[in-house]
Amino acid sequence: MNRVDDPLEKLNNNIDEVCPYLGLARDKETRYGYPDLENYCYRMKSPQPVSDEHQKNVCLTAEYSQCPVYSSEGKKPFPSELRGEGLPSGPVRNFSWWWVVPVLAGIAVIVAIFSLNGQLSLSPSSTSLVVTDALDALFVTNADIVEETSLVIASVTPTPVISPTPTISLTPTPVPTSTITPTASPTLGPNLGTPFGREEQYMLHRVASGESLGNLAYEYDTSIEAIRVASNLREGKAVWPGDLLVIPIGQSDASQVPRFYPLCLDSKTDINELAERYDISASDIRRYNDLGDIDIIPSGRWLIILVSGE
């Protein structure tokens with residue numbers, strides 16, 4: 001865009017003239033250069049979410065020194081009219097590779113033992129190596145989550161060395177091998193950009209640069225109003241890159257669409273405790289997230305939570 005009065009261009013031009021106390025909820029040293037619900041005020045003892053309007057007009061401009069919170073050195077209560085919506089959930093934990101090295105080292109040792117000349121004779125009938133659940137569900141969008149990986153190695157029986165005699169010949173008795181099947185666990189659920197649901201389909205979508213509610217509504221056979229309702233956006237609120245939306249796929253009648261907000265679990269959670277926490281029914285959580293009959297929802301799963309009172 002070439003217009004001089006474009007708000008994103010103004011913010012990019014003034015990127016060094018922003019409030020030094022503005023930072024992300026998960027990293028106080030980093031901030032978005034445009035109004036976003038992840039931008040928090042660290043002038044207070046406890047970080048506070050800031051409204052889009054105040055970020056746009058004060059925090060992200062050279063006028064930040066005129067902010068009442070900045071000038072009061074955080075000694076006064078945070079003004080309610082400046083408070084934003086904030087994040088509905090805590091930060092998503094990053095994936096760690098610490099366990100990969102010992103697993104690979106263990107496999108290398110086993111291969112080395114099996115490769116010793118004259119020590120073991122390996123064949124399909126004497127060796128069973130079963131690797132299950134290998135590295136599936138390693139990654140999930142805006143969040144990266146690890147499911148349990150199990151490596152099961154059955155016993156190895158060497159082929160006996162037979163010394164033939166003129167009158168006796170021996171035949172080795174096959175040794176049965178067993179395969180251990182791991183217990184199934186709940187899946188991580190849909191990544192961002194993956195439709196889910198049985199009766200009605202929804203999708204979590206992170207807004208990219210250049211996208212608008214209009215082209216998203218056209219792409220997913222819905223309407224701007226339906227996306228606003230499903231994403232619990234107030235009337236007239238602008239959508240910025242990085243915003244997380246709930247898209248009702250194939251549902252254009254906004255009056256028939258419930259209000260939700262997205263939630264990523266940072267620990268295993270009982271579905272009944274989750275329902276009590278957000279004052280909704282467990283059946284609604286199961287229905288809209290296609291959870292089946294599981295009671296414990298695994299860590300790292302994305303959910304859409306029905307706004308209480310809908």
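Brief remarks follow.
- Flag for GLU235 being in contact with a Lys or Arg (Cβ under 9 Å, 6 or more places away or on another chain) and surrounded by fewer than 17 Cβ atoms within 10 Å (Cβ to Cβ): yes
- The stretch 261-280: number of residues that are surrounded by 14 or more Cβ atoms within 10 Å (Cβ to Cβ) and either over 17 Å from the mean Cα position of the chain (by Cα) or outside any strand (DSSP E or B) (or both): 7
- Residue check for PRO258: touching an Asp or Glu at 6+ places or on another chain (Cβ under 7 Å) and under 28 Å from SER51 (Cα atoms): yes
- Hits in the stretch 281-307 (condition: buried (at least 18 other Cβ atoms within 10 Å of the Cβ), touching a residue at least 40 places away in the same chain (Cβ under 8 Å) and outside any loop (DSSP other than H, G, I, E, B)): TYR288, ASN289, ILE297, TRP302, LEU303, ILE304, ILE305, LEU306
- Top-ranked residue of the stretch 239-260 - restricted to ones that are aliphatic (A, V, I, L, M) and either assigned to a loop (DSSP other than H, G, I, E, B) or on the phi > 0 side of the Ramachandran plot (or both), ranked as nearest to the chain's Cα centre (by Cα): VAL239
- Some residue of the stretch 59-77 being within 24 Å of LEU233 (Cβ to Cβ), assigned to a strand (DSSP E or B) and modelled with pLDDT of 90 or more: no
- Residue in the stretch 1-46 that is modelled with the highest pLDDT, counting only those that are under 16 Å from TYR70 (Cβ atoms) and among the basic types (Lys, Arg): ARG43
The values are calculated or read from the model by the stated rules, or taken from the named source; none is laboratory data. In this text, all values refer to a predicted model and were calculated from it rather than measured experimentally. Backbone-built Cβ (ideal geometry, glycine too); neighbour counts: all protein chains shown.
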